[in-house]
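Notes for the one structure printed next.
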Amino acid sequence: MQKERKKIAILFGGCSTEYEVSLQSAYSVIEHLDTEKYEPVMIGLERVTGKWYLYRGGIDQIPEDKWMEQECVPVFPSADRTVHGICYLEGDAVRTISLDAALPVLHGKNGEDGTVQGVFELAGVPVIGCGVLSSALCMDKEISHRIVSDAGIKTARSVLLEENVSENEVKKAAMELGYPVFVKPDRAGSSFGITKVTDEEHLMEAVENAFLHDSIVILEETVPGFEVGCAVLGCDELTVGEIDEIELSDGFFDYTEKYTLKTSKIHVPARISREKSEELKETAKKIYRLLQCSHFARVDMFLTPDGDIYFNEVNTIPGFTVHSRYPNMLKAAGIPFGEVISRLIEMGSGQEK
């Protein structure tokens with residue numbers, strides 16, 4: 001008798017500036033899913049309204065953003081934990097689909113910040129990935145930095161700005177941190193709204209731009225050196241990928257560079273000593289646990305010319321295309337993309353603790 005496949009909801013799209021990235025990541029996840037074990041329940045979130053749709057079309061339409069032109073049925077999560085899934089209307093009847101787990105492939109706000117995770121928690125559906133608290137903590141740069149800093153790990157000096165801040169206060173804070181200074185929305189992803197400011201003349205423009213993405217903005221000192229990342233997989237027992245290194249020709253690793261590598265390169269493994277690589281991996285695991293991450297996340301850090309490690313941020317739903325940093329770091333450690341997806345589903349659907 002053939003074993004029944006697990007129904008795994010895979011969410012993509014959403015009300016986020018990272019909508020397109022989500023489509024690319026979800027396509028790669030679905031394409032590499034072991035369909036003999038798992039049945040993908042594809043749920044697309046409309047870009048403007050955030051409305052949920054059960055998508056039954058071909059997966060090739062997802063990265064082209066043509067999925068809404070295909071067969072879509074409006075669905076909604078059920079707060080009735082006996083349903084354990086989603087509901088939709090068929091004529092006058094309410095139909096349900098019970099889910100074994102949900103994998104949100106939603107980058108940025110309204111997907112990576114704990115909101116969707118909370119919806120599935122109410123529905124009694126296991127979430128593959130970080131939970132509500134961890135997602136919210138990691139999305140908030142200021143709070144995550146405080147927690148990590150209190151544990152003795154270095155973080156960049158920063159100043160928090162609220163919307164009513166005066167121009168004089170902003171300029172004074174930037175002067176104390178020293179130029180160049182980074183201006184960042186406190187809660188945003190893929191480097192949206194981030195500007196590297198080299199002088200006072202362009203400071204306020206950068207601050208105003210950051211406020212378009214969040215109600216809280218951070219001024220942050222520039223840490224010398226380069227950015228490195230560590231892919232972490234697991235809950236109690238953690239597996240880490242090879243450390244990667246971002247080589248920049250100029251500026252910083254902004255949205256364009258992240259998804260085109262126009263003038264930058266990513267080296268996997270990083271061009272550092274084995275000892276420093278191991279130190280980075282142990283630091284990444286410590287940060288992962290401090291911020292209560294689970295199943296998977298990418299921990300980003302800076303490595304200075306003096307060999308000091310600075311925490312940058314944790315990406316709780318990193319890019320999941322075949323070219324993305326997270327799967328490539330694990331691939332370099334001997335774990336292919338398909339195996340990563342299978343491990344995550346087994347962990348998240350309750351087969352591994």
Matching residues in segment 1-31 - criterion: being out of contact with any strand residue (DSSP E or B) (no Cβ under 8 Å at 6 or more places or on another chain) and part of a loop (DSSP other than H, G, I, E, B): Met1, Gln2, Lys3, Glu4, Ser16, Thr17, Glu18
Odd one out for Ile128, checked against (1) of a type outside the set (Asp, Glu); (2) within 21 Å of Glu339 (Cβ to Cβ); (3) over 23 Å from the mean Cα position of the chain (by Cα): (3)
Subset tally (residues that are in contact with a strand residue (DSSP E or B) (Cβ under 6 Å, 6 or more places away or on another chain) and more than 21 Å from Cys235 (Cβ to Cβ)) for segment 289-307: 3
Wholly enclosed helices (runs of 4 or more DSSP H) of segment 263-353 bearing at least 3 residues within 25 Å of Ile153 (Cβ to Cβ), open to solvent by 20 Å² or more (accessible area, probe 1.4 Å) and of a type in the set (Asp, Glu): 274-290
Scope segment 263-301; condition of a type in the set (A, V, I, L, M) and at pLDDT 95 or above; matching residues: Val268, Ala270, Ile272, Leu280, Ala284, Ile287, Leu290, Leu291, Ala297, Val299, Met301
Filter result for the condition that a residue is exposed (fewer than 15 other Cβ atoms within 10 Å of the Cβ), of a type in the set (Asp, Glu) and not in a strand (DSSP E or B), over Asp236, Asp214: Asp236
Qualifying residue in segment 219-226 (condition: open to solvent by 40 Å² or more (accessible area, probe 1.4 Å) and either basic (Lys, Arg) or touching a helix residue (DSSP H, G or I) at 6+ places or on another chain (Cβ under 7 Å) (or both)): no
Given (1) within 23 Å of Ser349 (Cβ to Cβ); (2) open to solvent by less than 50 Å² (accessible area, probe 1.4 Å); (3) of a type outside the set (A, V, I, L, M), index of the condition Gly58 fails: (1)
Unmet requirement for Glu31, which otherwise passes all of (1) within 23 Å of the chain's Cα centre (by Cα); (2) open to solvent by less than 30 Å² (accessible area, probe 1.4 Å): (2)
Selection count, segment 43-52, where residues are open to solvent by 20 Å² or more (accessible area, probe 1.4 Å) and within 26 Å of Ser342 (Cβ to Cβ): 1
Every residue from segment 267-322 that is under 15 Å from the mean Cα position of the chain (by Cα) and without any contact (Cβ under 8 Å) to a residue 60 or more places away in the chain: Tyr288
Any hit, segment 160-182, residues being under 22 Å from the mean Cα position of the chain (by Cα) and closer than 30 Å to Lys286 by Cα: yes
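The values are calculated or read from the model by the stated rules, or taken from the named source; none is laboratory data. Owing to the predicted nature of the structure, the values given are computational and were not obtained by experimental measurement. Here Cβ is always computed from backbone atoms with ideal geometry, including for glycine, and neighbour counts include all displayed protein chains. Heavy atoms of the whole protein, side chains included, go into the accessibility calculation; ligands, DNA and RNA do not. Shrake-Rupley method; radii C 1.70, N 1.55, O 1.52, S 1.80 Å.
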